[in-house]
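Chemist: Take a look at this one; I'll ask things after.
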Amino acid sequence: MSATKLVIVESPAKAATIEGYLGPDYHVTASIGHIRDLPQPSELPKDMKKGPFGRFAVNVDDGFAPYYVVNPDKKKKVTELKKLLKESDELFLATDEDREGEAIAWHLLQVLKPKVPVRRMVFHEITKEAIQRALENTRDLDTDLVDAQETRRILDRLYGYEVSPLLWRKIRPSLSAGRVQSVATRLVVARERDRMAHVSAQYWSIDTAFTSAGQAFGARVSSVDGHAIATGSDFSEKGELSAKATKASVLHLDEATARAYAQALSDAPVSVIDSVTRKPYRRRPAAPFTTSTLQQEASRKLHWNASSTMRTAQSLYESGYITYMRTDSTALSSQAIHAAREQATQLYGAEAVADSPRLYGTTSKGAQEAHEAIRPAGDHFRTPGEVAGSLSKQQLALYDLIWKRTVASQMADALGYTATIRVLTGIEVDGKRHDVISSASGTVITSPGFRLAYQEGRDQGRYDAEKNDAEKTLPDVAEGDAATLTEATAEGHETQPPGRYTEATLVKTMEELGIGRPSTYAATIQTIGDRGYVTHRGQYLVPTWLAFSVTRLLEENLTNLVDYDFTASMEGDLDRIAAGEENGTEFLTGFFFGPDGSGEHGGLRHDVASLGDDIDARAVNSIDLGRGVTLRVGRYGPYMEKEDGTRANVPPEVAPDELTDELIDQLFARAADDGRELGVDPATGHTIIVKDGRYGPYVTEVLPESAEGDQAGAKKAKKSDVKPRTASLFKTMDIATVTLEDALSLLSLPREVGTDPASGEVITAQ
C-alpha cells in the first residue's frame, strides 16, 4: 500500500528516525532547513532592484513587507515535495517547535499550497511514544511564532544593511555589523580594555606546614598582630590596595618582610592551636541543562566549543537519545522526574535520592521556558553503558554529561562540614615580637548525595589558587593543643588582570544580560570569529585590533546599537511578539523610523543618515598607546606609528594586552633593522638577508643594481625577471637564529624531489 500521509521535518536524520516509528501509511521526508529566505538585493529580479524592495528586499514603506525567494539550492527539493504532496491525502508539518521551526512550516505552506488537510505536529523528543502522542495532539500553525521569526529576520537585515556600509567606508571593506554579534564583540573588547588598563601589584605570602595530633597539614599565614595579610583580591585594578583593604589595615607584605617572617617562623620553638571552628556544609545539585549551561559545561569538561556541542546535541536529538537541545528551561516533566529518581534509586540507593521531587525554576533574563530542560529521551532513561555501542565517542561523551546531570538533579544534597584551624606562632623580628596566625581550611563530605553521580564544573577565578578550602581532612585537634611548625616558605605573587572570556563564560554573560537566545549563542560566537573580530588562544577569546576599531565606531556614533540593555530590550520585544502581546510591524516601525514613525526624530535610518560623512576614519582606527605611539588599524593589518612618522608592524600573534612598552620598543628596533645578512648564495652570488615585514619574518636575496632596473641594460628586462626571490619563515623558525642554509632551503621551494614510480607524477616539496 502506498503512503497517503506526508510528514515533513527539517533533517534527513530526523526523518529516518521518525519513519522507523510510523507505519506504512506515512512517508517522512526532510526540507533540509529553510526553503525560502530574503534574497540579497543583487539577486532580486531586474525590475525590482530600483523599486521599494531594492535596498533590503523588504519594503520599509509598506509595513515592512518582505520579498521571499526559494533558495536556489532548494528548488529541486521543492519540486520533490510537491510531487510527494500530490500522492498524499494529508500533510503533517513536523518541524521544530520554536520560532525557526514554525517559520519553516509556514514557508512550506506558502510554497507548496496544499489542497489536502494540514496538521502541525510537535514533539520535544523523538521516541515512539512521543511521536504517537504528537500524531494524536496536532494543532494549528502558531502565527505569533511565525511573526516573531519574520520580525527578527527583517530586524537583522535592516541592522546589517544600514550599519555595515559604515564599516566598509571607515574601516575596511566586507566587514559586518549585527544586532547580537556587535554586542558580543563589544563584550570581548571591553574585557581586553580592562586587561590593558590593569596595573600589576606585587605582594608576598607565607605558606606554612605543621604537625599536630600525629598528622601533618598545610596552612598559610593569614594575619600578623591582628592585621590580615593582603591577597590578590585586596588590590584595585590600578595596582593599589583597595579602599576597603586600607580601611581594614590589611598588611601588604613585601619580599624582605615576608622572608624575614618566614625565617623567624622556621626558628620558632613551638606553636599552639588558637581556635578550631566547624561550619555545616550543604550543596544542592545543579539544575538540568539548558542550552547555555550545556555549552558552558561541555566547554569546561570536554573542552568543546559551542558549535561542536550543538552539532553533537542535534545529532543525539535527531537520533532519539535526548530531548530538544534549544531551550532555556530547567524544568523536567513528571515522567522525566520519575525516570531520574527511579534510576538514581537503582544505581545509588534510596538514601541518595531527594525526599521529594525537585522542581527547578529558570532565573536567566528573558527565559521563555517553552520546552523541557535537555535530558535523556523517553520515560525510562538509558544509561551511558546501554547506549555506548550505538553512539560515536563524541556523542557518548555528551550523552554521559546530560544523563549524569539529569539523574543528579533529583538526588539528595551533599552534606558535610568545613573546618578551619588557626595556629598561633610567636616570633621575633628585629627585636620586636609578633603574633602570627596560620590558617588551614578543609571540607569533609559525610554524605555525598548527588555527587555520587555528578559534580558541576566551574570557571577558574583570578585568585582561586590562594583559597585554602579544598576538600581535605584536617587533624582532630582542640584549642590549646601543641603544634610543630615544620616549614615556612615565602612566595611572591603578582595581581592578575581580569580573565579573558572563554566561549562558556561569554555565553554565560550574554545569557545573564539577556542578549541572544538559545538558538543564537553558538552561531554568534562562530560569526565573530569568521569576521576576524576574535581569535582563539586555547579556550580563550582574544579580540583583534580590528574589533577595537569596529566597537569604537559603534560606541561613539550608534551607541544604542551596542548598548547591552537596549539589545536585551529588543530580545524582549521579539519574545512578546512570539507570545502575541506585541505587533511586529509596530516594533519595526519604531526601530527603523523612530518612536513617532516619521523617520525624523530617531530610529535607525535617521541615526545613520545624520552621521553623514562626519566620522573621522583615522581617529576610529587609532589607539593611543602612550609615549607618543599610536596603533593604527590599516587595510593590511595593525601597525604602530610614532609622532615623527616612524612605523613598525604588530605581529598578528601579539594580543592587545601584550603590547607592553618593552615589546613596543623591540618592534620599533626590529623595524629599523634593514635586515640581517646571512651570507651569499653560492649558486647566484647574491647576498641573502632575513627581514621582518608586515606579514611576518621572511628571507630574500639582494639583487645587483643592474638587475633592479636602475641601469640602462635592465630596461630591456621584463618586470617579472627582476623580482628577488622571497620566502616566509616557517612558524617554527626564529628570525634571530635562522641560518643561510635555512634561507636557501626556503628560497628553493617549491622544488622537484623525484617522480612517483606508480603514477609517473612529479613530486614537489612545497
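Chemist: Given the range 1-93, what strands (runs of 3 or more DSSP E) lie entirely inside it while holding 2 or more residues that are on the phi < 0 side of the Ramachandran plot and without any contact (Cβ under 8 Å) to a residue 60 or more places away in the chain?
Modeler: Where strands (runs of 3 or more DSSP E) fall fully within the range 1-93 and carry at least 2 residues being on the phi < 0 side of the Ramachandran plot and without any contact (Cβ under 8 Å) to a residue 60 or more places away in the chain, they are 26-30.
Rundown of residues vs (1) surrounded by fewer than 21 Cβ atoms within 10 Å (Cβ to Cβ); (2) of a type outside the set (Val, Ile, Thr); (3) touching a Leu at 6+ places or on another chain (Cβ under 8 Å); (4) without any contact (Cβ under 8 Å) to a residue 40 or more places away in the chain, yes/no style:
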| residue | (1), (2), (3), (4) |
| --- | --- |
| THR127 | yes, no, no, no |
| GLN132 | yes, yes, no, no |
| ASP147 | no, yes, no, no |
| ILE154 | no, no, yes, no |
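Chemist: Oh, and also: Looking at the range 667-679, is at least one residue in contact with a helix residue (DSSP H, G or I) (Cβ under 8 Å, 6 or more places away or on another chain) and touching a residue at least 60 places away in the same chain (Cβ under 8 Å)?
Modeler: Yes, the conditions are met somewhere in the range 667-679.
Chemist: Could you say which residue among ALA245, ALA213 is touching a residue at least 12 places away in the same chain (Cβ under 8 Å) and either crowded, with 19+ Cβ neighbours inside 10 Å or under 23 Å from THR520 (Cβ atoms) (or both)?
Modeler: ALA245
Chemist: Assess whether THR309 counts as being closer than 18 Å to GLU456 by Cβ, out of contact with any strand residue (DSSP E or B) (no Cβ under 8 Å at 6 or more places or on another chain), in a helix (DSSP H, G or I) and not assigned by TED's automatic domain parsing to the domain that holds ALA579.
Modeler: yes
Chemist: Go through the range 157-170 and give me each residue that's surrounded by fewer than 20 Cβ atoms within 10 Å (Cβ to Cβ) and not basic (Lys, Arg).
Modeler: Correct list: GLY160, TYR161, SER164, PRO165, TRP168.
Chemist: Oh, and also: Given the options GLU150, GLU192, name the one that is farther than 20 Å from ALA57 by Cα, in contact with a strand residue (DSSP E or B) (Cβ under 9 Å, 6 or more places away or on another chain) and assigned to a helix (DSSP H, G or I).
Modeler: GLU192
Chemist: Show me the helices (runs of 4 or more DSSP H) entirely contained within the range 528-603 in which 1 or more residues are in contact (Cβ under 8 Å) with a residue 60 or more places away in the chain and closer than 24 Å to GLY637 by Cβ.
Modeler: Because the criterion is at least 1 residues that are in contact (Cβ under 8 Å) with a residue 60 or more places away in the chain and closer than 24 Å to GLY637 by Cβ, the helices (runs of 4 or more DSSP H) in the range 528-603 that meet it are 545-557.
Chemist: Hey, can you tell me all the residues within the range 380-427 that are in contact (Cβ under 8 Å) with a residue 60 or more places away in the chain and of a type in the set (D, E, K, R)?
Modeler: Of everything in the range 380-427, those that are in contact (Cβ under 8 Å) with a residue 60 or more places away in the chain and of a type in the set (D, E, K, R) turn out to be ARG382, ARG405, ASP413, ARG422.
Chemist: Against the definition (buried (at least 18 other Cβ atoms within 10 Å of the Cβ) and assigned by TED's automatic domain parsing to the domain that holds ARG458), how does ALA482 come out, yes or no?
Modeler: Criteria not met by ALA482.
Chemist: Among the residues of the range 217-240, count how many are touching a His at 6+ places or on another chain (Cβ under 9 Å), within 13 Å of TYR203 (Cα to Cα) and not hydroxyl-bearing (Ser, Thr, Tyr).
Modeler: Residues flagged as touching a His at 6+ places or on another chain (Cβ under 9 Å), within 13 Å of TYR203 (Cα to Cα) and not hydroxyl-bearing (Ser, Thr, Tyr) within the range 217-240 amount to 6.
Chemist: Can you name the residue in the range 257-307 that is charged (D, E, K, R) and under 30 Å from THR505 (Cα atoms) and, of all such residues, is surrounded by the most Cβ atoms within 10 Å (Cβ to Cβ)?
Modeler: The residue in question is GLU297.
Chemist: With the requirement that a residue be in a loop (DSSP other than H, G, I, E, B) and small (Gly, Ala, Ser), what does the range 633-668 give you?
Modeler: Selection gives GLY645, ALA655.
Chemist: Now for a different question. I need the full set of residues from the range 208-219 which are in a strand (DSSP E or B) and either out of contact with any helix residue (DSSP H, G or I) (no Cβ under 8 Å at 6 or more places or on another chain) or not assigned by TED's automatic domain parsing to the domain that holds ALA482 (or both), in order please.
Modeler: Once the filter is applied, which keeps residues that are in a strand (DSSP E or B) and either out of contact with any helix residue (DSSP H, G or I) (no Cβ under 8 Å at 6 or more places or on another chain) or not assigned by TED's automatic domain parsing to the domain that holds ALA482 (or both), the range 208-219 yields ALA209, PHE210, THR211, SER212, GLN215, ALA216, PHE217, GLY218, ALA219.
Chemist: Does ASP254 satisfy the criteria of being within 21 Å of THR486 (Cβ to Cβ), out of contact with any His (no Cβ under 9 Å at 6 or more places or on another chain) and either of a type in the set (S, T, N, Q) or not assigned by TED's automatic domain parsing to the domain that holds PRO376 (or both)?
Modeler: no
The values are calculated or read from the model by the stated rules, or taken from the named source; none is laboratory data. Just so it is clear, the model here is predicted, and its values are computed rather than measured. We place every Cβ from the backbone using ideal geometry, glycine too, and count neighbours over all the protein chains shown.
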